[in-house]
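The values are calculated or read from the model by the stated rules, or taken from the named source; none is laboratory data. The model shown is predicted, which means the values in this text are computed figures rather than measured ones. Cβ sites come from the backbone with ideal geometry, for glycine too, and all protein chains shown count toward neighbours. Just the protein is used for accessible areas: all its heavy atoms, side chains included, with ligands, DNA and RNA removed. Shrake-Rupley method; radii C 1.70, N 1.55, O 1.52, S 1.80 Å.
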Amino acid sequence: QVQLVESGGGLVQAGGSLRLTCAASGTIVSIATMGWYRQAPGKQRELVALIARDGSTNYADSLKGRFTISRDNAKNTVYLQMNSLKPEDTAVYYCNRKYYALSSWGQGTQVTVSE
């Protein structure tokens, strides 16, 4: 059974940084496409960043340069480093794992960025 557990969210002032962690079990992060998505109140869930099996990464255009996705194969963990945070980054952030047609989600972690 795949389990993804996010942590690292919280309240931060604009301009600050946070690092989110997605600890995976029941799967191997290095053989799947792992991603971070976010959902703000009243909005649809949107892609933040992806890291593929070969380590290549993709980002939402609006977040390039501020957010970095990475993976620690030994810890079976995926990270999202978020810098220069803005109030509009406030959302619940979800970890996702895609392996062929199978998709799994974590429970999410709240990130709140104050003015």
Taking a probe of 1.4 Å, how large is the accessible area per residue of the range 50-99, in Å²?
-> 49
Return the single residue from Gly42, Gly16, Gly26 with maximal mean-square fluctuation; model: Gaussian network over the chain, springs between Cα atoms under 10 Å.
-> Gly42
Only Lys, Arg, Asp and Glu count, each charged at its Cβ (+1, +1, -1, -1), so figure out the dipole size of the chain about its Cα centre, rounded to 20 debye.
-> 200
Partners for Lys86 among lysines (Cα-Cα distance below 28 Å; same-chain residues under 8 apart left out) | Lys43, Lys64
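Checking a compactness column here: for the range 7-75, what do you get for Rg(Cα) / (2.2 N^0.38 Å), N being the number of residues?
Values: Rg = 13.1 Å, N = 69, 2.2 N^0.38 = 11.0 Å.
Against the compact-globule rule of thumb, the ratio is 1.19.
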Distance between Cα centroids, the range 76-115 to the range 6-52: provide it in whole Å.
-> 2
Portion, in percent, of the accessible area of the range 19-115 that falls on carbon or sulfur, probe 1.4 Å = 49
Kirkwood hydrodynamic radius for the chain: how many Å is it when counted over pairs of different Cα atoms?
-> 14.0
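How much space per residue, in cubic angstrom, does the convex hull of the C-alpha atoms of the range 45-88 take up?
So the per-residue hull volume is 91 Å³.
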